1. So how many residues does the range 36-68 have that are under 16 Å from Glu20 (Cβ atoms) and assigned to a helix (DSSP H, G or I)?
2. If you check every pair at least six apart or on different chains, which have Cβ atoms under 6 Å apart with a residue in the range 38-51 that is over 17 Å from Glu24 (Cβ atoms) and without any contact (Cβ under 8 Å) to a residue 40 or more places away in the chain first and a residue that is acidic (Asp, Glu) and part of a strand (DSSP E or B) second?
3. If you take the residues of the range 20-35 that are surrounded by fewer than 17 Cβ atoms within 10 Å (Cβ to Cβ), among the charged types (D, E, K, R) and assigned to a strand (DSSP E or B), which of them is farthest from the chain's Cα centre (by Cα)?
4. Is the range 84-91 home to any residue that is at pLDDT 65 or above and among the aromatic types (Phe, Trp, Tyr)?
Amino acid sequence: MSLIDKLRSSKSREILKVSEVDTEFGQGYRIDVAVGNGKKACHLIQDKETGEWKTLGDPNACRILSRNLYDLGTPLTGLSTSEKLREGQTY
């Protein structure tokens, strides 16, 4: 299941919209979340050069995104713990 599917199927009322984006820094996701009475955005972008996942945007929105990814068993890298272990074993 893709990251977008996981976030969309989560029961979080805070996540309003999830979409894929392509930026000059790399590909990633834009997540619109409810913060207070408003709507804020956080981008989760995979750096083209390093491959690292980075968050950009409203700190509260990114905190909500991080919490939801953690609840889904997916850290900000987008990999589960078992996927990380499998990757580590292949090197």
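1. Looking only at that region, the number is 1.
2. Lys39/Asp32; Ala41/Asp32
3. The initial filter retains those residues of the range 20-35 that are surrounded by fewer than 17 Cβ atoms within 10 Å (Cβ to Cβ), namely 20-25, 27, 34.
Narrowing further to those that are among the charged types (D, E, K, R): 20, 22, 24.
Now drop any that are not assigned to a strand (DSSP E or B), which leaves 20, 22.
Working: Glu20: 10, Asp22: 14 Å.
Per the stated criteria, the residue is Asp22.
4. The initial filter retains those residues of the range 84-91 that are at pLDDT 65 or above, namely none.
Looking through the range 84-91, none of the residues is at pLDDT 65 or above and among the aromatic types (Phe, Trp, Tyr).
The values are calculated or read from the model by the stated rules, or taken from the named source; none is laboratory data. In this text the structure is predicted, and so the values were computed from the model without any measurement. Glycine gets a Cβ as well: all are built from the backbone with ideal geometry, and neighbour counts include every protein chain shown.
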